[in-house]
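Structure first, then comments.
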Amino acid sequence: DTAVSQTPKYLVTQMGNDKSIKCEQNLGHDTMYWYKQDSKKFLKIMFSYNNKELIINETVPNRFSPKSPDKAHLNLHINSLELGDSAVYFCASSREGVSETQYFGPGTRLLVL
Amino acid sequence: AQKITQTQPGMFVQEKEAVTLDCTYDTSDQSYGLFWYKQPSSGEMIFLIYQGSYDEQNATEGRYSLNFQKARKSANLVISASQLGDSAMYFCAMREGYNTDKLIFGTGTRLQVFP
């Protein structure tokens, strides 16, 4: 059983296009996240949602819009894709609390041409 | 200032030997959690081990242990009896008590295990 799943796994697209990445977790967690891993492997939080409510928006351009239809899903929509958006995007989920582990999805490798 | 520092961009270890991956952190919070993740070449992020700031004992999970030195603000990962499959990127991360909604990651250490 997949705990945190993301689709698609790979996404190749042209500059200027709009694309979405979907994320689902079946762990019953209240909190979901989007992280971006750049070409140097650095991982940084983009957004977090708790029970469908936006908690963190970490100075991400407003071309990126997360949407949480329910607490098991957190999708990421990106408008007007730019070359610099090429990265690996990870979805994660956890319970609330400092000791709670975040479990990551397999990642979506986005390449903008 | 860096919240999580991993000073070793790369490490080599021979199979069956132990290896220590360094991690230091910076926080003024009393309550925090420290995590290690493994990222193999296939790309997924695999949770390895957790240490809480109030835990008195060092965490252990199979061949992984965490050498937690609170006063020095270090949380080094020790992998015993290295295996070829341990070759991967390893990330140290922190979750602070006042802001538990994100993990702050270090820059990672690439570990290569050779026969």
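Under Stokes-Einstein, with the Kirkwood radius over Cα pairs as Rh, the value for the protein assembly as shown at 10 °C and 1.306 mPa s is 88 µm²/s. Hydrodynamic estimate: the Kirkwood radius of the range B:1-53 over Cα pairs, inserted into Stokes-Einstein at 20 °C and 1.002 mPa s, corresponds to D of 160 µm²/s.
Solvent exposure of the range A:62-113, expressed per residue, is 40 Å² of accessible area, with all protein chains present and a 1.4 angstrom probe. Divided by 2.2 N^0.38 Å, where N counts the residues, the Cα radius of gyration of chain B comes to 1.02.
Could you name every residue in the range A:37-76 that has 50 Å² or more less accessible surface in the full protein assembly than in its own chain alone (probe 1.4 Å, ligands and nucleic acids excluded)? Those are A:K41, A:F42, A:L43, which lose 50 Å² or more relative to the chain on its own.
Within the shell defined by Cβ-Cβ distances under 12 Å, the residues around B:D86 carry a net charge of +2, with Lys and Arg each +1 and Asp and Glu each -1. On association of chains A and B, roughly 1900 Å² of accessible area becomes buried (total for both chains; probe 1.4 Å). The mean count of C-beta atoms from other chains within 10 Å of the C-beta of residues in B:95-106, rounded to a whole number, is 6. A DSSP coil position with no more than 16 other Cβ atoms inside 10 Å describes the following chymotrypsin sites (Phe, Trp or Tyr not before Pro) in the range B:15-96: B:Y54.
Diffusion coefficient (Stokes-Einstein, Kirkwood radius over C-alpha pairs, 37 °C, 0.692 mPa s) for the range A:48-113: 247 µm²/s, rounded to a whole number. Across chain A, the convex hull enclosing all Cα atoms gives 97 Å³ per residue.
Residue by residue, the range A:27-36 carries 3J(HN,Hα) couplings of 9, x, 6, 8, 10, 10, 9, 10, 10, 10 Hz when phi is fed to the Karplus relation 6.51 cos²θ - 1.76 cosθ + 1.60 (θ = phi - 60°); x denotes Gly or Pro.
Here the dipole of the protein assembly as shown is about 440 debye; that uses its Cα centre as origin and unit charges on the Cβ of Lys and Arg (positive) and Asp and Glu (negative).
Straight-line cross-link reach from A:K71 at under 12 Å between alpha-carbon atoms covers these aspartates and glutamates, not counting any fewer than eight positions away in the same chain: A:E24, A:D30, A:E53. Counting Cβ atoms of other protein chains within 10 Å of each Cβ in A:25-33 and taking the mean gives 1.
Take each residue of peptide B:76-89, count the partner chain Cβ atoms within 10 Å of its Cβ, and average: the result is 0. The apolar share of the surface of the protein assembly as shown, taken as the fraction of accessible area on carbon and sulfur atoms (1.4 Å probe, ligands and nucleic acids excluded), comes to 48 percent.
The values are calculated or read from the model by the stated rules, or taken from the named source; none is laboratory data. Source: prediction; values computed, not measured. A quick note on method: Cβ atoms are made from the backbone with ideal geometry, for glycine too, and the neighbour counts reach across all protein chains shown. We work out accessible area using only protein heavy atoms, side chains counted, and drop any ligands, DNA or RNA first. Shrake-Rupley method; radii C 1.70, N 1.55, O 1.52, S 1.80 Å.
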